[in-house]
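K.L.:
Next up is a structure, given as structure tokens.
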Amino acid sequence: MIAVNTRILRTEFKYFVPKTLREALKLIDQNGPNARVIAGGTDLLVQMKQEGISPDCLINIMTIPEMNFIKTEKGSLRIGATTKWSEILEFCSRDRKHAALYEAVRSLGKVQVRHMGTIGGNLCSASPAADSAPALLVYNSQVKLVSARGERTLPLDKYFKGVNETVRAAKELMTEIRIPSIQNGMGSAFKKLTRVGTDISKISCAVAILRKGKVCVSCQVAMGAVAPVPMKMRGAQELMNGKKVEASLVEEMGQRISAEIKPITDIRSTAEYRRQVAVVLFKDVFWKAWKRAGGEE
Amino acid sequence: MKKTEVSFTVNGETYEVNVETNALLLNVLRDDLGLTGTKYGCGMGQCGLCTVLVNGEPVLSCLTLAVAVDGADIVTIEGLSKPDGSLDPIQEAFLDQGAIQCGYCTPGMVIMAKDLLKRKAHPSEMEIREHIEGNLCRCTGYVSIVKAIKSCRKKTSSKAHLSFHRKSPNQE
Amino acid sequence: MRGQSMEKKNFSTVGKTTRRKDGVSKVTGREIFSSDVVLPHMLYARVLRSPYPHARVVSISTAKAEAMGAVCITPADVPKLRYNERQVSIPEKTYRDRTVLPDTARHVGEGIAAVAAKTEALAEKALVQIAVKYERLSAVFDPFEAMTADAPTLYKDVLLGEVVLPINRNIACHREVSEGDAEKGFQEADLIVENEFRTGRVYHQQMETKAVVCRPEPDGGITVWPTAQSIHNVRQLLGRIFKIPLSKINVHRVPIGGSFGSSIQMNTCIAICVALALKARKPVKLVLTREEDMYDHCKYPSIIRLKYGVKRDGTIVAGEMKTVVDIGAHNIQAYPLLGCMSGWFVSLYRMPHLRFEGTAVYTNKVPACAMQGYGNPQVSFAVESLMDIIAEKLNMDPIEIRLKNYVGLGETFWGQGPTVRSVIRSCGVEEMLLKGKDMIGWESRKKPEEKRGRLRRGIGVARSFHTSGTGAPMPGEVIDYSTAMVKFNEDGSVDCLTALMCHGGGTLEALAKIVSEETGVPLSKVEISPADTRSTGYDVCTHATRGVYCGGASAQRAAKEAKSKLLQFASRILEVNPDALKIRPDEELGQGIVYLEGAKGKAITVGEVAKTAQIKSWGTAISVVSHRQVNCPPCFVTNFIEVEVDTETGQIRFVKAVAAVDAGTVINPDLAAGQLEGGLCRGMGLALLEDTEYDPKSGELTCGRNITDYKIFTSVEMPMTDDVLTFFAATYEPSGPLGAKGIGEAANNCTAGAFANAVYNALGIRFNELPITPEKVLTRLKEYSLRKRGK
């Protein structure tokens, strides 16, 4: 680490600024495995400075208008991959339907990073602690991957593979994130624990609930920074689906989550701590989402 | 390495510079343009010292490629005071509230304060604190800086349109 | 109150909030820090650093790098003189263990070669081309392990002054101090309380990484723009290392982007940069990257075993402190540190019988150096924690036991160690405790066992002090004096020139105010001149909270003498006895007015006097003074801290603070309050967050990946601005300039102790090891509830 110089970029590279998606895909296709797509740069440049990642070609996709959008279509939300967090935040604060996403984005990096980083970039970096991931997971979001040869859309929870690893092929470009429509009676929330204000999560949690009176019709739970990938808590979810909500059941879910996660000890926290606070973090987030689902907040 | 010509405006002046593709905006501002008010603190987007406004948005110049701001309108700390040399009200407030100690974080803080007040005339104290939470200061404990920004709020309070603010730990 | 002589004075500018003179350049980005200095034909330097914690450099090949056009230096190219980068102690108490580039690396990150090239990118490329062959040596990271017989040794010997000093079992130095008869004292005690306390290896994280620019001059000399707290010490050391007459070395005072002690010494990058510049025969700039800076220095961590013997009524009869300090790979100032730690311990509470034992140990870690408080936050954390433990055992109020035992007015104070003793002549301890108590709502403070629920609040108090400089009636082991020049200009304005440094707290601002007050010239017409070593007399350094008290006193004396010369000139014009003349400021005229009290017409502006003196060739009213303070008054400090602990997550929220200082006359009220606020934030960091750990295999910092993984608190962790209350005790220090004492380091000395006491008050759990992280809180809460259930 001591051989690093964060003041400059050591790597030399060719640089392209495609104007259309087609052009971008062509450049990706032509430039071989050592080409990298750059969007906001908040992850990639950090990796290039610190982790010796040295692409020989950077393709900047921030100048492609067709990749930057937020659209609602029959209730579902389509977000272009190069849409900046600041734009998503502004949309969410007006739209007010995606509380978990709103809270995740607000907690994500500092203000400056929200004006630089993009939703697609965050998902492509695929950090286990990526804050947008748990929120997008509980909405059952999908991602669209496009290459010069075709395109595919897949659920986000089939997308992550490991630490900084996804099913996206080197020549595929993420172009869009889709969030299915938010039904009436649905509420969501997100929370993370950190060392200080702006920081990578020690642990994060998102919950989305479809509520009918005192019954939880369905409950989606996702946790971040507790396993190699941001993960859905399927076992715990099943405990709650279709049940009348009681504190004991929520506690049981929390315990189940604590058992299901696979946290490690790293510089930010310990495995033991993460396992322990998973319960209370989940409960806090659950009740917040529950209240929102019932229109109580 | 082959150089690329990039043109942008900084503090209202147009510049055409030849840069290498891997040149960072921070170093181009400091070394090529001599605008040393923007500081290096960590190079990793952790401290906020290198914050500048690009097309009206606060960004970290240590993580911005110079080639990526081709055609942009950039404002640095040197561009906040008026052409006649008089200070921006937020700069005056920093002076009056004793919000400056060593002064190394000051440019980034002032830029962030300016950005916030442009977006919101009457931010709450919590909103002020959250807006500058990515800008580290080792001297002041932030108190006088927050007070300086508070003192610049417009007198009339505008209604907050955000219903769920993130709060500091435990503050629910 | 124990009573004090409070001299009321009517000041025109002292004690009033004014805009700092360097404010405009700082708020407009025009202030030039070392890292901003640019010279024609300047080269950029990079340092090759050891990836190993302990390794002998077998060979270095720079051929490839040189072929790229880079200038390279290796241990073979630099002077071999062993030096100590800190020049504050007298030579015979200075331990010297390092060279410009060593042939053995003793910690990861130690510089062993360097390059300079036309651009930083080229320097970086050249750096990678340097080939080094290392012989790896076994390393040691634990101070206790380091003291065992078969531990790897860092040094065979070092120099103490000019004497070769063998190093045994990695013990860098050891100090013992005792007074009275500790054994007897403990026998007399009704209660003996003992505990061990640990504090972390905090990184200074001053916002500007260390930097330097050096220009070789045609006459064989050098000009240097360094990050430094003392330009004169930098010059002297460079002169000795590179054998250049001091008259050919000019070191500029450059604004510093925060220090907190990190540049009390001549930073090692300075000597490397000078060596490069001399070889390149071109100006060279070297600015550390953040990761390099993190591997350059840290706070002294401490392990303190503390014991007090007390009577049933709370009177302390005996005390004993044993400390082991893990100083890392170099002994920068461990010997005076141990002296100070004994002094902090002895001067907090009265003890007829005491014993202190301190050991500083080398390990293969980043070298520790002074950081705000110089051992005092560590000692105060231990002492103030133990005070609360004793109070609880005796069923006393924590404030009562403090009031009963504190060292105050008329008593001997030796904060800076056994050789720096003086008598306390001003003291606001009682005022701060009693007023602070009301402000925090002490009366409504409940006991831990009365608290319920998930979120539990707690209030804690702690007090401390710091010295104001290291002056004393007798010369000691520490050098302490300042030099200042004051002169009246021909338009009635005043220049003040001193090598003293401002770290941001407003030291030079204070000097301007003192000079304005003393000369009678309005503050708007008093300026602090840019300084360098050629134009200024020696000044030890801005450190030890001495800027205002010591540096200010020298400026005051120079102002007084210059003024007396001016009045001589005025007396010739006005035909009045000079001793009868006074000067008062006239803000509207922007002039000092020389006048004879009660005599109309016998008045003239300072400008007219100075101009007349020039035209008539009488001379300039100017004075240069070297001044040593013969006192070392404590600036007392008190913190009340309220926290809220989330018992489910272990997170601690900082709710409210009352911070008070007894700084004598407060010169810059807003900046003094700012120091208290900053002290709270850094103190909270020491208490709750900051530490650096090492990977025992690689010897690397586990947080070495930049400040991504070394966190300091941000704006959202501080309490709301209305809940950060600060105040100043109403005292007047007779030996200080216009009654002033220091404040700087005092600001954070008791904060960690107050946090630990507040957390105890919230949970009933005592944390003796800092930082108190959520992880530790949760672990302890679990043990605690298991233990309770077990009962």
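K.L.:
Take the alpha-carbon centre of region B:1-19, take the same for region C:81-157, and report the distance between them in whole Å.
P.N.:
42
K.L.:
Still on this model: As a check on your grasp of the helix formula, calculate [θ] at 222 nm for chain C: sum -39500 (n - 2.57) over DSSP H runs of n ≥ 4, divide by the residue count, round to the nearest 500.
P.N.:
Only helices count here, giving -8000 deg cm²/dmol.
K.L.:
Next question. In a GNM of chain A with a 10 Å cut-off on Cα contacts, which of A:Val221, A:Val207, A:Val167 has the highest mean-square fluctuation?
P.N.:
In this elastic network of chain A, the residue with the biggest mean-square fluctuation among A:Val221, A:Val207, A:Val167 is A:Val167.
K.L.:
Report, for chain C, the % of DSSP beta bridges that are antiparallel, rounded to 5.
P.N.:
Details: 108 of 134 bridges.
Restricted to chain C, the bridges split so that about 80 percent are antiparallel.
K.L.:
Next question, about the same structure. Might you report the magnitude of the Cβ-based charge dipole of the protein assembly as shown about its Cα centre, with Lys and Arg at +1 and Asp and Glu at -1, to the nearest 20 debye?
P.N.:
That gives a dipole near 2240 debye.
K.L.:
Lysines within cross-link reach of C:Lys285: Cα-Cα under 18 Å, excluding same-chain residues under 8 positions apart?
P.N.:
Leaving aside lysines fewer than 8 places away in the same chain, those within reach of C:Lys285 are B:Lys39, C:Lys118, C:Lys125, C:Lys210.
K.L.:
Could you quote the convex hull projected area for region B:118-157, Cα atoms only and averaged over all directions, in nm²?
P.N.:
2.8
K.L.:
Additional query: Sort C:Glu179, C:Glu588, A:Glu172, A:Glu51 by heavy-atom solvent-accessible area, probe 1.4 angstrom, most to least.
P.N.:
My answer, sorted largest first, is C:Glu588, A:Glu51, C:Glu179, A:Glu172.
K.L.:
Shifting gears a bit: Hey, what do the phi angles of region C:698-705 turn into as Karplus ³J(HN,Hα) couplings, whole Hz, using 6.51/-1.76/1.60 and θ = phi - 60°, x for Gly and Pro?
P.N.:
Rounded to whole hertz, the list is 8, x, 7, 5, 5, 9, x, 7.
K.L.:
Another one. Net charge near C:Arg456: determine it from the other residues with C-beta under 9 Å of the C-beta of C:Arg456, scoring Lys and Arg +1 and Asp and Glu -1.
P.N.:
Once positives and negatives cancel, what remains is +2.
K.L.:
Something else about it: Where does the charge balance sit around A:Glu296 when Lys and Arg score +1, Asp and Glu -1, over other residues with C-beta under 11 Å from its C-beta?
P.N.:
Residues close to A:Glu296 contribute a combined charge of +3.
K.L.:
Something else about it: Here is the link list: B:Lys147/C:Lys451; C:Lys93/C:Lys156; C:Lys437/C:Lys788; A:Lys202/C:Lys435. Which ones come out longer than 30 Å on Cα distance? Display every interim value, and only then the final one.
P.N.:
On the way: B:Lys147/C:Lys451 34 Å; C:Lys93/C:Lys156 19 Å; C:Lys437/C:Lys788 32 Å; A:Lys202/C:Lys435 40 Å.
Flagged as over cut-off: B:Lys147/C:Lys451; C:Lys437/C:Lys788; A:Lys202/C:Lys435.
K.L.:
To continue, here is another question. Treating only the Cα positions of the protein assembly as shown as identical point scatterers, give the base-10 log of I(q)/I(0) from the Debye formula at each q in 0.06 Å⁻¹.
P.N.:
Listed by q, the Debye log ratios stand at -0.52.
K.L.:
Among C:Met474, C:His503, C:Val429, which residue has its Cα positioned farthest towards the positive end of the charge dipole of chain C, with +1 placed on the Cβ of Lys and Arg, -1 on the Cβ of Asp and Glu, and the dipole taken about the Cα centre?
P.N.:
C:His503
K.L.:
Another question, then. What nm value, rounded to one decimal, do you get for the distance between A:Lys262 and C:Arg82 when each label is placed 7 Å out toward the C-beta?
P.N.:
Distance between the two pseudo-spin positions: 5.4 nm.
K.L.:
Then there is this: Note the per residue figure in Å³ for the convex hull of the C-alpha positions in region A:156-213.
P.N.:
Output value, Cα hull per residue: 150 Å³.
K.L.:
In whole Hz, with x marking every Gly and Pro, tabulate ³J(HN,Hα) for region C:265-280 from phi via Karplus 6.51 cos²θ - 1.76 cosθ + 1.60, θ = phi - 60°.
P.N.:
9, 6, 4, 4, 5, 5, 5, 5, 5, 5, 4, 5, 5, 5, 6, 6
K.L.:
Can I ask one more? Using Cα pairs closer than 8 Å and at least 6 residues apart in sequence, work out the relative contact order for chain C, in percent.
P.N.:
16 percent.
K.L.:
Also: Projected onto the charge dipole of chain C (+1 at Lys/Arg Cβ, -1 at Asp/Glu Cβ, origin at the Cα centre), which of C:Asn405, C:Ile604, C:Ile112 gives the Cα projection farthest towards the positive end?
P.N.:
Checking the options against the dipole of chain C, the answer is C:Ile112.
K.L.:
Then there's this: Out of A:Ala236, A:Ala247, A:Ala126, any idea which swings most in a Gaussian network model of chain A, alpha carbons joined below 10 Å?
P.N.:
Looking only at A:Ala236, A:Ala247, A:Ala126, the biggest GNM fluctuation is shown by A:Ala247.
K.L.:
When DSSP beta bridges are limited to those with both residues in region A:1-146, what percentage is antiparallel, rounded to the nearest 5?
P.N.:
Numbers: 5 of 12 bridges.
DSSP beta bridges in region A:1-146 are roughly 40 percent antiparallel.
K.L.:
Taking all pairs of different Cα atoms in chain C, averaging 1/r and flipping that mean, what Kirkwood radius in angstroms comes out?
P.N.:
27.6
K.L.:
Turning to a different aspect of this structure: Once amide H atoms are built 1.01 Å from N in the peptide plane, which residues 5 or more positions from A:Ile203, or in another chain, come under 5 Å H to H?
P.N.:
Amide H to amide H, under 5 Å and 5 or more residues apart or across chains, A:Ile203 pairs with A:Leu193.
K.L.:
List the residues whose amide H sits under 5 Å from the amide H of C:Leu165, counting only those 5 or more places along or on another chain, with H placed 1.01 Å from N in the peptide plane.
P.N.:
Here C:Val158, C:Leu159, C:Leu160 satisfy the definition.
K.L.:
Size of the dipole of chain C about the Cα centre, Lys and Arg at +1 and Asp and Glu at -1 on the beta carbon, nothing else charged, in debye to 20?
P.N.:
The dipole of chain C has a size of about 580 debye.
K.L.:
Restricting to chain B, what percent of DSSP beta bridges are antiparallel, rounded to 5?
P.N.:
Working: 15 of 17 bridges.
Here the share of antiparallel DSSP bridges comes out near 90 percent.
K.L.:
Taking the dipole about the Cα centre of the protein assembly as shown, with the C-beta of Lys and Arg at +1 and of Asp and Glu at -1, give me whichever of B:Asn22, C:Ala318, C:Val494 is farthest to the positive side.
P.N.:
Checking the options against the dipole of the protein assembly as shown, the answer is B:Asn22.
K.L.:
Would you please give the residues with an amide H less than 5 Å from that of B:Thr64, counting only those at least 5 places away or on a separate chain, with H modeled from the backbone geometry?
P.N.:
The answer is B:Leu25, B:Leu26.
K.L.:
Let me ask something else. If you fit an axis through the alpha-carbon atoms of helix B:106-119 and take the longest principal axis of the Cα set of chain B, what angle between them do you get, 0 to 90°, nearest 10?
P.N.:
For helix B:106-119, the angle is close to 70 degrees.
K.L.:
Step by step: find N for region C:132-174, compute 2.2 N^0.38 Å, then divide the Cα radius of gyration by it. What's the final number?
P.N.:
Normalised by 2.2 N^0.38 Å, the Cα Rg of region C:132-174 equals 1.32.
K.L.:
Can you give the helix-only mean residue ellipticity at 222 nm for chain A, where every DSSP H stretch with n ≥ 4 adds -39500 (n - 2.57) and the sum goes over all residues, rounded to the nearest 500 deg cm²/dmol? Present the calculation step by step, with values, prior to reporting the outcome.
P.N.:
Values: 10 runs with 99 residues, N = 297.
Taking each H run of at least 4 residues, the total per residue is -9500 deg cm²/dmol.
K.L.:
What list of ³J(HN,Hα) couplings, whole Hz, do you get for region C:17-33 from phi and the Karplus terms 6.51, -1.76, 1.60, once you set θ to phi - 60° and write x for glycine and proline?
P.N.:
7, 10, 6, 5, 5, 8, x, 5, 5, 6, 7, 9, x, 9, 5, 9, 8
K.L.:
Sum up the charges of everything whose Cβ sits under 13 Å from the Cβ of B:Gln101, counting Lys and Arg as +1 and Asp and Glu as -1, but leave B:Gln101 out.
P.N.:
With Lys, Arg at +1 and Asp, Glu at -1, the neighbours total -2.
K.L.:
Moving to a separate point now. Once R0 is set to 45 Å, what does the formula 1/(1 + (r/R0)^6) return for the Cβ-Cβ distance between C:Ala599 and C:Asp495, expressed as a FRET efficiency to the nearest 0.05?
P.N.:
Given R0 = 45 Å and the Cβ-Cβ separation, E is 0.90.
K.L.:
About the Cα centre of region A:166-225, what is the dipole size in debye to 20, counting +1 per Lys and Arg Cβ and -1 per Asp and Glu Cβ, all else neutral?
P.N.:
It works out to roughly 220 debye.
The values are calculated or read from the model by the stated rules, or taken from the named source; none is laboratory data. What you see is a predicted model; the values in this text were computed from it and never measured. Note: ideal-geometry Cβ built from the backbone for every residue, glycine included; neighbour counts use all protein chains shown. SASA here: full protein model, heavy atoms, side chains in, ligands and nucleic acids out. Shrake-Rupley method; radii C 1.70, N 1.55, O 1.52, S 1.80 Å.
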